Amino acid sequence: MKELEHELEVLKGMNLLPAHPSLHQSGKGVTELIHSKDPTQLTAGKSQDHFSDQAESNSKLELDHKGSLVLPGHKTGCSSHKIPDTDTNCRSPALSIVTHKAAYANETNARSSLKVPDLTMKYYRELDLPEDGIESSFLDMPLDQLYEIASDLQSNAEAAIDIRETRLLGSIYYFIFLSTGAKEDVIEAITTIEKVVANTNVNDLNYVAYLKNLITLLVKKYECSYSITDLDQVILRGEEILTLYHCDWYPQIDDLIRLKKVKCLYIEPDSTLELEKMIFNYDVVAATCSEAASTSAFHIPGRYHKKFQKTGDINHLERAIQACEQNIAATWYPQDKARALGNLSLYTFHKFNRTGNLDEINRAIKTGEEALKVSEMGSREHPERALLLTNFSNFLIARYNRTGDLEDLQKGIKVGQEALGTHQENITYHNAGFSLGALASFLLQRFCRTDDLDDLDQAIEAGEEASAVRLLDGLDATVTLTNLAASYQLRYEETGNNKDLQMAVERGEEALAAMPIDTPQRTALLSVLNGIYILIFRHTGDPKDLQKSIEAGEEAVAGTRHNDREMGTGLINLAKSFRTKFDYTGAPADFEKAVSLFQEAARISHAAPKNRIFSARSVALMLATENRWVEGSNMAALAVELLPLVAPRQLAQRDQQYILGEFAGLAPIAAFLIIIAGKDGYASRAVQLLELGRGVITGLRFGTRSDLTMLRLRHPEVAQRFEQLRDILDFKPQLQSKTGNGNKNSWGELNPNHGANLEFDRVVEEIRRLPEFKNFLRPPQAGELMAAASGGPIILINVSMFRCDALLVQSRGIRSLALPDLREKDIKSNVEFINSVRSGSVPTSSKSAIDRMFHIMEWLWDAAVSLILNELGFSGPPLGDDWPRVWWVPTGQLTSLPLHAAGYHRRQSTDTTLDRVISSYSSSIKALVYCRSNFGIAPKFSSDEALLVSMNRTPGYSDLEYTTKEVDSLEGLLSNQIKTVKLERPTKKDVLDHLSKCTIFHFAGHGKSDPLDPSKSALIISDWEKNSLTVEQLIELDFRQTSRSLWLAYLSACSTSDSNIEKLHDESINLATACQLAGFQHVVGTLWEVSDRESVNVAKDFYRTVDIGGAVDDRKVSLGVHKATRRLRGATMQKMKLKHLGLSEVEGVAGSGEKAARSERRVRPLGYEENPKEEWRNPLV
């Protein structure tokens, strides 16, 4: 810093900079410095942040500020950088360049005693080459070949002037010079480029680039000769380029200062008089260049953009975008092209903010990335690269806010950190402060996603540093203070530290006092203060604080344009204030005001879908408390209809799970409100909402992988485009960071699927406009729902906080059945107990645990299953072996309970599900329709293959000795009917190599149900520690592309049908669903843990019933599971009877012996120890 300030003092002493009292220091005088023999002391250093505000604002990419969607954040941009569109031969009278005309003494002896001054150029350093030209391909070419090419080009140039060829010839002579260092070679290059300059119109956007290259060559010539004459030529051309008022005038002046200083040493080293005569006045030139540059072609987009900001008329923004596109097409000069691309990306980003169209933010990101690439191509680092990086990071964060793609957030933070590092390297303190403030905003948003307090602490630390006066001032500081206030507010909510709440108020009110009234950032700040004052009210109970909250919220809404996407945020925050006031006062007017505001926010079509869903859900719940069922059902239905929009196909499954988890239970609430409202067709409408709002993630893939036979037949070209885009979106690329090889991109690749998803949506809409395809990829309509029940009733059990209902879908109609004794709190309590048994915290063999398990099954029967089966006419066991079949589609936590095993088993009655019907499960009706519509061709087992996998020993897990026996017995049972392939302890690759070719896949081993991320649940194979076979990977498979024979997946492992994450119960993300999506028509899975020994008998019973050697009958699959379960129940009840009588165990009874007890195909928590005294397990667990 001292060195920087010292150099600034030198410039001020030479009348190149106005005095700046804050930096004034005593030191060497100008005369003493000029007498110095150390030329490094004579280099006119600069720091852009210390120049005048006018110079700064016109020489850099302009910073644009706008609050983020929920929490205010930085959104930065570029100002226009210009090349004149007026006659540049007309010089401004304000520009007065003084040229010394005195005769010079003999160059060879007059300065013989003076050390030759060093000339270090920053702008005129190397030639700039077109990004799309071929010049760079000659750079490393052998010298003899360069001479040969130069000779050929010289012959052509003599015939006629071709600008491109002549420019290329000049570059080749320069490359020759780089190899030889010979003055005559650089002279040839100069002569050639002079022809290019002379034959190019001064108004051509490339004229400045040619002239810059010519000056660079003249500098190289001077460095060969140190001739005052050559130096004069450089200075003359340097003064000429300034008269063009190019947006690079700032570094042009900087290098011209260096040239003038060197010339001063040749003239009169013992006096400052000549120096003062020779150097022009910096302030006059800077002001003139700045003003003149504002009339250039590169400033036209900026003028339109300012009109847009002032009026809000999007037509001005469109004109700004068009003008940018014209400038990009008209220039190859990397510095100008990077600026134009940067401006185009910024204006496109602003268009996205206005329209919410994802096409625009994708284009902004693509263009911003291109601008960064071009900025690396010039002869020097682009002076605005750091700001281009900051803009680019904001674009990524904006897309994250819209789509929830965590990769965009992570990469945005990396880019922001790189921008900050670039600023620090260049000592541009103002912009470093801005980037630091932006980074603080990004860390704040990552905290909101991950709940990592470290991110929040770092956001506060960075924000406090950025808000320091030395780094930021004006609007920059207020935006940073706004984010700081929001950060302190969140930390208070996390920690309860009153100091954080106090800091939130101080920072927010400090920002408000400094924030201009007419800026859009003020509305974001007021929304933050709205929330802060609510917290203060809850802390103090003072109604004045609540009134402050309402006043801030009302001002925020009043200051936001109705067509602004941020309007929804302001309305939501204000609605929360009135809801809080209603809770305090009980005044109906406050309730109605909150309802009205939430409804308005939900209906803003251009607002973020997640904000609209939040608003619609909030108001639906409020209306339900007042029994306003019809209004509430309408808002809840709107929320469900918007739900698929927040989890688009291109997102990683992790991101989809996170977003949908925020709205868990929404579809069941909507279904209840539809039922209780009792409108016409309410039952079918309730089913449709459940189908739309549940299984969103799997539903996206069920739909896109549906049978396309009819579409291919009637519209083959559209079907082909659909399949191409579907395959792109199904493939989730593993994006790697790029390092090394000179690549400056530190954030890695971007997800290429965002654009594909938008195109996919357009193709889907095109298909829906075709005759007979209007319901393409839409949830099943009432007729389709009833048709799906042709093989037996489909029973959806809707679990909501208000009430539980069964929706009975039959081929003749759809109706509802209230289940008043089935309550959400009882379901939750029983699931928690079962999970405690599964985790080992409750001993499974204790009498109390066994009694509780039987009690749960009896409760399920009384509260739900018996009522449903009696309503359907299944009031007793069937006659003979003609079993009726039902499909269960439970919702919420009921998905973790065994509806198929409900009943009174201990008293040996027929009041059980097992004694009334065959049970099958489906995650949704659309999943059932998918399986039936995609498997019309029956397998031919005689020519097919059964893949039998056993894992008797698995690293890190208990041994399962019966898996080998299970597979061996099945091989003997099946080998006469189908070709069998047996794999023992295979790797993931071994399994996948055979999976696509098999008709039957039987896996016997451990299964893992991930308690935090269901997509990470897996079948455990030998290399699972490095290469797991997870749900996410199975879902991505689509074996229908290569085979239509996948008929049965039998997963003889623990918890393969379990979806035990509370927020994701309705998504049914488990191993069984994953196999279904991979292409298997039938999947047999387990809800809980299974006994290693009993798994052998269950499998044999199942395959004997299926009898694949006979006629193929899909019904046999469910019948096989049913009979095997009934046999297992019989063995268990016999075991209990023997134990009660004190008799010894008999062979064939479930779970005999300690070894069987210790050999469950399950995953225990870390530190759990099996009880060796446990002698049996309830096989229904």
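The values are calculated or read from the model by the stated rules, or taken from the named source; none is laboratory data. Everything numeric here is computed off the predicted structure, so don't read it as measured data. Note that we place each Cβ from the backbone using ideal geometry, even for glycine, and neighbour counts take in every protein chain shown.
Numbers below:
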read-out	value
Long-range neighbours under 6 Å by Cβ, at least six apart or interchain, first residue touching a residue at least 60 places away in the same chain (Cβ under 8 Å) within segment 1113-1127, second polar (S, T, N, Q)	1118/920; 1119/1105
Residues within segment 551-571 that are free of Cβ contacts under 8 Å to residues at least 60 places away in the same chain and either surrounded by fewer than 20 Cβ atoms within 10 Å (Cβ to Cβ) or not aliphatic (A, V, I, L, M) (or both), tallied	10
Test: residue in segment 828-844 that is in contact with a strand residue (DSSP E or B) (Cβ under 8 Å, 6 or more places away or on another chain) and not β-branched (Val, Ile, Thr)	no
Extreme residue, farthest from residue 615 (Cα to Cα), among residues of segment 556-579 that are at pLDDT 90 or above and charged (D, E, K, R)	579
Search result, residues across segment 986-1000 that are more than 15 Å from residue 1036 (Cβ to Cβ) and either charged (D, E, K, R) or part of a loop (DSSP other than H, G, I, E, B) (or both)	986, 987, 989, 990, 993, 997, 998, 999
Candidates 196, 208, 234, filtered to the one that is in contact (Cβ under 8 Å) with a residue 24 or more places away in the chain, in contact with a His (Cβ under 6 Å, 6 or more places away or on another chain) and buried (at least 20 other Cβ atoms within 10 Å of the Cβ)	208
Scan of segment 479-514 for residues that are buried (at least 21 other Cβ atoms within 10 Å of the Cβ) and either in a loop (DSSP other than H, G, I, E, B) or among the basic types (Lys, Arg) (or both), ordered by number	491, 507
Any hit, segment 904-912, residues being without any contact (Cβ under 8 Å) to a residue 40 or more places away in the chain and touching an Asp or Glu at 6+ places or on another chain (Cβ under 6 Å)	no
Check on residue 606, surrounded by fewer than 22 Cβ atoms within 10 Å (Cβ to Cβ) and in contact (Cβ under 8 Å) with a residue 60 or more places away in the chain	yes
Residue check for residue 364: buried (at least 24 other Cβ atoms within 10 Å of the Cβ), under 20 Å from the mean Cα position of the chain (by Cα) and not basic (Lys, Arg)	yes
Which listed residue, of 790, 846, 811, is farther than 22 Å from residue 917 by Cβ and hydroxyl-bearing (Ser, Thr, Tyr)	846
Search result, residues across segment 322-341 that are over 16 Å from residue 375 (Cα atoms) and crowded, with 22+ Cβ neighbours inside 10 Å	323, 324
Among the candidates 919, 848, residue that is small (Gly, Ala, Ser) and either in contact (Cβ under 8 Å) with a residue 12 or more places away in the chain or closer than 23 Å to residue 1086 by Cβ (or both)	919
Among the candidates 768, 762, residue that is at pLDDT below 95 and closer than 22 Å to residue 688 by Cα	768
Residue match in segment 965-972 (condition: of a type in the set (S, T, N, Q), closer than 25 Å to residue 1069 by Cβ and part of a helix (DSSP H, G or I))	no
Qualifying position, being outside any helix (DSSP H, G or I), touching a helix residue (DSSP H, G or I) at 6+ places or on another chain (Cβ under 7 Å), of a type in the set (D, E, K, R) and at pLDDT below 70, among 738, 732, 774, 744	732
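Residues checked against (1) out of contact with any strand residue (DSSP E or B) (no Cβ under 6 Å at 6 or more places or on another chain); (2) in a helix (DSSP H, G or I); (3) of a type in the set (A, V, I, L, M, F, W, C):
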site: 562; (1), (2), (3): yes, no, no
site: 593; (1), (2), (3): yes, yes, no
site: 611; (1), (2), (3): yes, yes, no
site: 642; (1), (2), (3): yes, yes, yes
site: 645; (1), (2), (3): yes, yes, yes
